[in-house]
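Working notes, beginning with the structure itself.
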C-alpha cells in the first residue's frame, strides 16, 4: 500500500440518484496505520464542498464509492496503480475528537488547505474507507495484480454502516 502514500491525487467515482457514474480528481492524504482510528482498512481523506456533485452524491451517511490512483508513465513496465472500492462519508459524522485528528492529518499533507478548511468555510473533510483494493505493478510482470480485502471499520469509527 506504499503506492497510496506516494501519490497525491485520486479519482473518486460516485453515482448520482439516477445511477449515473461521476468521477472527479481530488487531493488526498492517507491516515497512517498507527494513527486514530487505527483500523486495518486503508483510509484516505479528501476535502470538498458539500454542494459539489460528488459530495451531494455522498450525502450525510456512508455511501459506496470507487477510486483509482496511478503513477503516470509512458513506460509499460513501470505502470503502477490501485483500484479501490469502499465507503465514503463526511468526517463530521465520526464520534469524539476524531474529526479534529483527521483534519490535522490532512493539513500535514496539504498545508495550503488550512485557509479553506476552517473558520467560516463550508469545505469539509471526507473519509474513503477502503474495503477492497486491486494493486497493479508491472514491475511484477505485465498484467500481474494483487487483491486485498479489508474488514469494515464501522465499529471503531463510531458511525452507522452504509445503507
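Can you sort 148, 94 so the residue with the fewest Cβ neighbours within 10 Å comes first?
Numbers: 148 16, 94 21.
Going from least to most buried by this count: 148, 94.
The angle separating the long axis of helix 98-109 from the principal Cα axis of greatest extent in the chain is about 50 degrees.
Take every pair of alpha-carbon atoms less than 8 Å apart whose residues are at least six positions apart; their mean separation over the length of the chain yields a relative contact order of 26 percent. If each DSSP helix of 4+ residues adds -39,500 (n - 2.57) and the sum is divided by the residues in the chain, what number results at 222 nm, nearest 500 deg cm²/dmol? After summing the helix terms and dividing by the residues of the chain, the value is -4000 deg cm²/dmol. Considering only 114, 133, 29, the mean-square fluctuation computed in a Gaussian network model of the chain, springs between alpha carbons under 10 angstrom, is largest for 114. Label-to-label distance for residue 11 and residue 123 is 2.4 nm, based on points extended 7 Å past Cα in the beta-carbon direction.
Extension gain, residue 35-residue 61: 0.36 nm per intervening residue step, less the Cα-Cα distance, totals 7.1 nm. For the residues 144, 40, 18, a GNM of the chain with alpha-carbon springs under 10 Å puts the largest fluctuation on 18.
For residue 79 and residue 20 in one chain, what is 0.36 nm times their gap in residues minus the Cα-Cα distance, to one decimal in nm?
Result: 18.4 nm gained on full extension.
Here the chain is treated as a Stokes sphere of Kirkwood radius computed over C-alpha pairs; at 4 °C and 1.567 mPa s its diffusion coefficient rounds to 80 µm²/s. The ranking of 80, 74, 85 from fewest to most other beta carbons within 10 Å of each one's beta carbon is 74, 85, 80.
All of the numbers you see were taken from the coordinates with simple rules; none came from a lab. Values in this document were obtained by computation on a predicted structure and should not be read as measured data. Neighbour counts are summed over all protein chains in view; Cβ atoms, including those assigned to glycine, are modelled from backbone coordinates with ideal geometry.
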